[in-house]
1. Across the stretch 49-65, what is the number of residues that are more than 10 Å from L27 (Cβ to Cβ) and within 19 Å of the chain's Cα centre (by Cα)?
2. For L11, state whether it is farther than 29 Å from F119 by Cβ, among the hydrophobic types (A, V, I, L, M, F, W, C), without any contact (Cβ under 8 Å) to a residue 40 or more places away in the chain and surrounded by 16 or more Cβ atoms within 10 Å (Cβ to Cβ).
3. Give me the pairs: first residue in the stretch 135-157 and within 13 Å of A186 (Cβ to Cβ), second residue buried (at least 24 other Cβ atoms within 10 Å of the Cβ) and of a type in the set (S, T, Y), beta-carbon distance under 7 Å, and six or more apart or on different chains, which are they?
4. What are the residue pairs meeting all of these: first residue in the stretch 99-110, first residue closer than 12 Å to I122 by Cβ and hydrophobic (A, V, I, L, M, F, W, C), second residue in a helix (DSSP H, G or I) and at pLDDT 95 or above, Cβ atoms under 7 Å, and 6 or more apart or on different chains?
5. When you check D37 against the structure, is it surrounded by fewer than 21 Cβ atoms within 10 Å (Cβ to Cβ), modelled with pLDDT under 95, part of a helix (DSSP H, G or I) and of a type in the set (D, E, K, R), yes or no?
6. Show the residue pairs meeting these rules: Cβ distance below 8 Å; 6+ apart or different chains; first residue within the stretch 49-71 and modelled with pLDDT of 95 or more; second residue buried (at least 18 other Cβ atoms within 10 Å of the Cβ) and of a type in the set (K, R).
7. Please verify whether E114 is more than 19 Å from R51 (Cα to Cα) and over 14 Å from the mean Cα position of the chain (by Cα), treating the condition exactly as stated.
Amino acid sequence: MSITPESARQLLQSEDFGERLRGVNQLRQLDPAIAFDMVQLAAQDGNDRVRYAAISQLASLGHQDGNRLLGLLRQALLSDPEPDVQAAAADTIGALKLSGLFEDLKAQYYESSEWLVQFSIIAALGEFGDPRAFDLLREALGSDNELVKTAAIGSLGELQDERAIPLLLPFVEDADWQVRHRLVTALHHFTAPEARAALERLTQDESEIVAQAATQHLSIQTGG
C-alpha cells in the first residue's frame, strides 16, 4: 500500500498512539513541504513518544518555514513536560544550527534539573560554533554529571576558542578513558603548541583507544 498524505493524516488522527507514531514515521516518505505541515500536528500530540518522534524529525524538515519551526522548537524546549522531548528539541536546534535560539537554550540549561536536557543543550552549543557559548561551556566542565562534562569538552573543541585550551589540558589526567578520548577529539581543533603537546602525551595513554585516536589526529595535523 502506497503512502499518501491522506493515509498518513489518517494515522496521525488515530486514537491509537502506535498508529500515530507510525504516521509520523511515514512522513519521511512524503514531500518535505507537505510533511512539515503535518508533523506540526504530531508535535502537539498528547503522547510524549509521538511528540518526541515529531520534534526529532524536524531536523530533516526544518528548512520549510523558519518562523513556524522556531516556534515549535522553542515550545518543545521550554514548555514540554517530558525531558526526552525537551532534549530532542535541543538536538534538533543544534543539528539545524539555529543560533537564534541560543538564549532559550541557555535559559533551559539553568532551569532544567534533568541531565539529559543539559547534555543535549551543551552538545547543541558545540554545533553552533557561537562564541557566546564559551562561558556556559566553561561552567559545564564542572558539572557533576560525567556525560554533561564530556559533552562540554567536545563542544569547547568545536568552538575553537583558544581560551579553552588551559581549561581542557587538566583532563589529560582524568581517570575516565572516555573523557580522555573526547579530549583528544577536542584538542585536534587547535594548533597551539600546548594542545599539540597534550596530544603527543595522549599517544602514550594507557587506553589503546585513546592512544590510537591521538596518534591519528596528530598524523592528520602533520599531513602524515
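1. 9
2. Working: farther than 29 Å from F119 by Cβ: yes; among the hydrophobic types (A, V, I, L, M, F, W, C): yes; without any contact (Cβ under 8 Å) to a residue 40 or more places away in the chain: yes; surrounded by 16 or more Cβ atoms within 10 Å (Cβ to Cβ): yes.
Criteria met by L11.
3. Here the result reads L137/S155, each pair linking the stretch 135-157 to a residue that is buried (at least 24 other Cβ atoms within 10 Å of the Cβ) and of a type in the set (S, T, Y).
4. Note: pairs meeting the criteria are L105/A90; L105/I93; L105/I121; L105/A124; L105/L125.
5. On the way: surrounded by fewer than 21 Cβ atoms within 10 Å (Cβ to Cβ): yes; modelled with pLDDT under 95: yes; part of a helix (DSSP H, G or I): yes; of a type in the set (D, E, K, R): yes.
Yes.
6. Here the result reads V50/R20, each pair linking the stretch 49-71 to a residue that is buried (at least 18 other Cβ atoms within 10 Å of the Cβ) and of a type in the set (K, R).
7. Numbers: more than 19 Å from R51 (Cα to Cα): no; over 14 Å from the mean Cα position of the chain (by Cα): yes.
The answer is no for E114.
The values are calculated or read from the model by the stated rules, or taken from the named source; none is laboratory data. Bear in mind the structure is a predicted one, so any value in this text is a computation, not a measurement. Here the Cβ is made from the backbone with ideal geometry for all residues, glycine too, and neighbour counts use every protein chain on show.
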